[in-house]
Structures are given as C-alpha cells and as structure tokens.
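Here's the structure, in structure tokens; my notes come after.
The values are calculated or read from the model by the stated rules, or taken from the named source; none is laboratory data. From a predicted model like this one, the values you see are computed outputs, not experimental measurements. Ideal geometry is used to build each Cβ from the backbone, glycine not excepted, and the neighbour counts take in all protein chains shown. When the accessible area is computed, the model is the full protein with side chains, heavy atoms only, and any ligands, DNA or RNA have been set aside. Shrake-Rupley method; radii C 1.70, N 1.55, O 1.52, S 1.80 Å.
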Amino acid sequence: MNIVIIGPPGAGKGTQAERLVLKYGLMHISTGDLLRDAIKAGTILGREAKTAVDAGELVSDEVVIGLVRDRLSKKQKADHGFILDGFPRTLSQAAALESLLRDLAMPLDHVVAFDIEVGLLEERIARRAEQSLRAGKPIRSDDSPEVLKIRLEEFARATAALTPFYEQRRLLRFVDASADVDDVTAQIGSFLER
Ligand code: B4P
C-alpha cells in the first residue's frame, strides 16, 4: 500500500502518518522531518533549506526530490509500502514522483487530501507550539502566526494544484481533517481497507 498525504500546514498529516505506520507497517517519509533533521545536523543541504523553512516558503524542488528519491530507494522488503507525508507539494514534485515510482515499479494506491478550515489550523499550530514549550522542546521556527500566513499562501499557490492532478488519475480521497484524531484515522482506514 503506497500512500501520499496532502493538506495545508498543521492539518494533522504527521499525526495521522505516524498512526498509519504503526497500523499498516508502512515506511514513513516526511519531507518536513527530513529537512528539520538536516537543519539540526547543519549539513550543506540543511543550511540551504533553513532560510526557506524559517520563512514559511517551500524548499527548492531539486533538494526535496533528491531527499525523497534517496529514501525511497532504501525501502526494505519488510515495509508493506510507504507513506509520503508533505510530499509532493508542487506540480513538478508530483511529476517527478510519478516518474520515480514508475522506475521503481511502486505504483501509488491512494492520495489522501486533508480538508480543513483555516481557523482550525491557526489553533492547532498555536497548540503545537504550546505543547513543545510545556515539554521543554524547542518551538518549531515556522510555528508562528506570521509564518503560518505565508505557508498557507504557499499551499494555496502551489499545493492546491495537486488536487486536479490526482483527481485525473482517480487516486484522490478526501478526509474531513477538522474531526478529532481518532475520527480522522477511522475515515482513512475506511477507504484503505475497502
Ligand atoms: P511539514 O513538516 O510537512 O509540516 P506541517 O505541514 O506543519 O504539519 P502537519 O500537517 O504534519 O501537522 P501535525 O500532524 O504536526 O512542513 C514544514 C516545512 O518544511 C514547510 O513549510 C516547507 O518549508 C518545508 N517542506 C516540507 N515538505 C516540502 C516539500 N515537499 N517541498 C518544499 N518544501 C517542503 O499537526 C499539527 C498540530 O495539530 C499538532 O499539534 C497535532 O497534535 C494537532 N492535531 C493533529 N490532528 C489533529 C486533530 N484531528 N484534532 C486536533 N488536533 C490535531
């Protein structure tokens, strides 16, 4: 089972991806996590990505596609498939993924699109920052209302174009991401297990 999750920032993509990994034994590839790890490690790629991530802008397609290509080629036999969380985010990333998966003979089964109102995203991002603070963890550099505004504009400009792309390929499934965490998991499970 090979799945892509798309949705605006803070919609809960990472939260659901972690659950799907545990439930179905999928390999989890989060481009956001890969970029944050590279930034923390101070690699050349991380230094290149930091400015864009901090500003709420998208990192270049070239960098992100390279990261995904690298991770997918390391997929183990024991993985029952993969879940791509936060990738693709642009049409050119979607086209690159399509050709990469063709080369690797790993067809995509579902593209799960998270549908949610902007007001709830603001609340969730604020709560994520509070939770980090309470747990003594650093707050994400892009978890501020100002940066969220830019990330939402990026989503509307680039990522929303993916909906017709995947609709045409009959892969798109919508979930109501404003529901509680268990409910969203159940909605996704209902079509994965169909
Ligand atoms: P990401 O790491 O993908 O981050 P995200 O969109 O903010 O979060 P997500 O939707 O996963 O929300 P979460 O589960 O945490 O991207 C970060 C940055 O990296 C981007 O802005 C960009 O710069 C760069 N980047 C990443 N991929 C890229 C690409 N492909 N191309 C270019 N650049 C790229 O949930 C948020 C909060 O809500 C949590 O606190 C959670 O507990 C809570 N929550 C989740 N589900 C809930 C629910 N159902 N009800 C109530 N609360 C819920």
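Could you figure out which of (1) touching a residue at least 60 places away in the same chain (Cβ under 8 Å); (2) open to solvent by 10 Å² or more (accessible area, probe 1.4 Å) isn't true of residue 83?
If we test residue 83 against (1) touching a residue at least 60 places away in the same chain (Cβ under 8 Å); (2) open to solvent by 10 Å² or more (accessible area, probe 1.4 Å), just (2) comes out false.
Part of a helix (DSSP H, G or I) and either under 12 Å from the mean Cα position of the chain (by Cα) or surrounded by 14 or more Cβ atoms within 10 Å (Cβ to Cβ) (or both): does that describe residue 53?
For residue 53, the condition - part of a helix (DSSP H, G or I) and either under 12 Å from the mean Cα position of the chain (by Cα) or surrounded by 14 or more Cβ atoms within 10 Å (Cβ to Cβ) (or both) - is met.
This table checks each residue for (1) within 7 Å of the ligand (Cβ to nearest atom); (2) over 15 Å from residue 81 (Cβ atoms); (3) small (Gly, Ala, Ser).
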residue: 23; (1), (2), (3): no, no, no
residue: 31; (1), (2), (3): yes, yes, no
residue: 44; (1), (2), (3): no, yes, no
residue: 50; (1), (2), (3): no, yes, no
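Condition first: more than 12 Å from the ligand (Cβ to nearest atom) and under 16 Å from the mean Cα position of the chain (by Cα). Now tell me which residues in the range 157-179 satisfy that.
160, 161, 163, 166, 172, 173, 174
For residue 14, all conditions in the list (1) open to solvent by 70 Å² or more (accessible area, probe 1.4 Å); (2) within 18 Å of residue 183 (Cβ to Cβ) hold save one; what is the number of the exception?
(1)
Tally up the residues in the range 182-194 that are closer than 25 Å to residue 98 by Cβ, modelled with pLDDT under 95 and assigned to a helix (DSSP H, G or I), please.
Of the residues in that region, 2 qualify.
Have a look at 103, 142, 79 and point out the one that is more than 14 Å from the ligand (Cβ to nearest atom) and farther than 23 Å from residue 24 by Cβ.
None of the other options fit; the residue is 103.
Taking the condition out of contact with any Lys or Arg (no Cβ under 8 Å at 6 or more places or on another chain) and of a type outside the set (Phe, Trp, Tyr), does residue 140 pass? Don't jump to the end; show me each part of the working.
Working: out of contact with any Lys or Arg (no Cβ under 8 Å at 6 or more places or on another chain): no; of a type outside the set (Phe, Trp, Tyr): yes.
For residue 140, the condition - out of contact with any Lys or Arg (no Cβ under 8 Å at 6 or more places or on another chain) and of a type outside the set (Phe, Trp, Tyr) - is not met.
Yes or no, residue by residue, for (1) of a type in the set (Asp, Glu); (2) part of a helix (DSSP H, G or I); (3) open to solvent by less than 10 Å² (accessible area, probe 1.4 Å):
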| residue | (1), (2), (3) |
| --- | --- |
| 22 | no, yes, no |
| 28 | no, no, no |
| 35 | no, yes, no |
| 39 | no, yes, no |
| 45 | no, yes, no |
| 48 | yes, yes, no |
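Being within 7 Å of the ligand (Cβ to nearest atom) and touching a Ser or Thr at 6+ places or on another chain (Cβ under 7 Å) is the filter here, so list the residues in the range 3-15 that pass it.
14
Count, please, the residues in the range 141-156 that happen to be open to solvent by less than 70 Å² (accessible area, probe 1.4 Å) and more than 16 Å from the chain's Cα centre (by Cα).
4
Is it true that residue 179 is surrounded by 12 or more Cβ atoms within 10 Å (Cβ to Cβ) and assigned to a loop (DSSP other than H, G, I, E, B)?
yes
Kindly establish whether residue 162 is under 27 Å from residue 56 (Cα atoms), in contact with a helix residue (DSSP H, G or I) (Cβ under 6 Å, 6 or more places away or on another chain) and either of a type in the set (Lys, Arg) or touching a residue at least 24 places away in the same chain (Cβ under 8 Å) (or both). If you could, list the steps in order and put the result at the bottom.
Details: under 27 Å from residue 56 (Cα atoms): yes; in contact with a helix residue (DSSP H, G or I) (Cβ under 6 Å, 6 or more places away or on another chain): yes; either of a type in the set (Lys, Arg) or touching a residue at least 24 places away in the same chain (Cβ under 8 Å) (or both): yes.
When the stated conditions are applied, residue 162 passes them.
Just to check your reading of the model, which residue among 69, 89 is free of Cβ contacts under 8 Å to residues at least 60 places away in the same chain, under 24 Å from residue 169 (Cα atoms), in contact with a helix residue (DSSP H, G or I) (Cβ under 9 Å, 6 or more places away or on another chain) and open to solvent by 60 Å² or more (accessible area, probe 1.4 Å)? Break it down into steps so the answer makes sense when it comes.
Working: 89 fails: free of Cβ contacts under 8 Å to residues at least 60 places away in the same chain.
Just a single option satisfies the conditions, and that option is 69.
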